[in-house]
């Protein structure tokens, strides 16, 4: 299993073992009839789509990425006080800025909002814990962007990226964001919102589709796999069918 998917499946295992998540009935009753155009509402208003779309087009096969940019493996945000902050990371300004906001965007049901918020908190914790286990930079927006694209690609297509492809995607987004003046001007709060949105929306469709499949609800599983495809298209501007995995990442076919 690839490193980029390990974080996603760590979430699934943790949620299944601890019951931190939403019931499929809540998904059907609340989300199935009340999407509020989530692809646009969640990403179009919270993320700079052009910034991340441009970064994605620096993928191997479109343009050779530069070396990954970020903190040395194993280093944590805040450990190098006095040093210039790495280009890809941020210092958290508060705990869980986006968990409740995204839940509110997905459903108007207060109970479902609470359940989703709890699940999203688990997603963020497990993603951060997995970064430490992988000795990767903490709070790395490039890693979160690669996670978002690769996991939603997998959720939508059931085609699993390998380690080289996942690492290539991560290098691509790090290189693209490092070259972006827009990203350089983002403060810690905005970077944290972007990071949390990417992790939450990278985890949720796969979690929901997997649980639906386990419960034999094929219609709902299909809905969440389509949601994953919508999220990828909203972020990088092309359907998942135009994303082709390569030995060193992915390319976008026009």
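The values are calculated or read from the model by the stated rules, or taken from the named source; none is laboratory data. All of these numbers come straight from a predicted model, not from anything done at the bench. Virtual Cβ from ideal backbone geometry, glycine too; neighbours counted across all protein chains shown.
Things to note:
- For residue 159: the one exception among (1) crowded, with 24+ Cβ neighbours inside 10 Å; (2) in contact with a strand residue (DSSP E or B) (Cβ under 8 Å, 6 or more places away or on another chain); (3) farther than 16 Å from residue 192 by Cα: (1)
Table: residues versus (1) part of a helix (DSSP H, G or I); (2) at pLDDT below 90.
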residue	(1), (2)
203	yes, no
208	yes, yes
231	yes, yes
254	no, yes
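- If you filter region 67-94 down to residues that are modelled with pLDDT under 90 and within 19 Å of the chain's Cα centre (by Cα), you find that the one that is surrounded by the most Cβ atoms within 10 Å (Cβ to Cβ) is 88.
- Of all residues making up region 175-189, the number that are part of a helix (DSSP H, G or I) and either in contact with a helix residue (DSSP H, G or I) (Cβ under 6 Å, 6 or more places away or on another chain) or more than 13 Å from residue 140 (Cα to Cα) (or both): 8
- Residue under evaluation residue 140, criteria (1) touching a strand residue (DSSP E or B) at 6+ places or on another chain (Cβ under 6 Å); (2) more than 25 Å from residue 57 (Cβ to Cβ), criterion not met: (2)
- Checking each residue in region 127-142 for being assigned to a helix (DSSP H, G or I) and touching a residue at least 60 places away in the same chain (Cβ under 8 Å) picks out 127, 129, 130, 131, 142.
- Out of 225, 159, one residue alone is modelled with pLDDT of 90 or more and not in a helix (DSSP H, G or I). It is 159.
- Only residues that are surrounded by fewer than 21 Cβ atoms within 10 Å (Cβ to Cβ), at pLDDT below 70 and within 20 Å of residue 183 (Cβ to Cβ) were counted in region 53-63, giving 1.
- Between 97, 124, the distinction of being at pLDDT 90 or above, part of a loop (DSSP other than H, G, I, E, B) and under 21 Å from residue 52 (Cα atoms) belongs to 97 only.
- One residue from 211, 192, 170 being in contact (Cβ under 8 Å) with a residue 12 or more places away in the chain, under 21 Å from residue 99 (Cα atoms) and within 18 Å of the chain's Cα centre (by Cα): 192
- Residue-level analysis places residue 238 among those that are farther than 24 Å from residue 138 by Cβ and touching a strand residue (DSSP E or B) at 6+ places or on another chain (Cβ under 8 Å).
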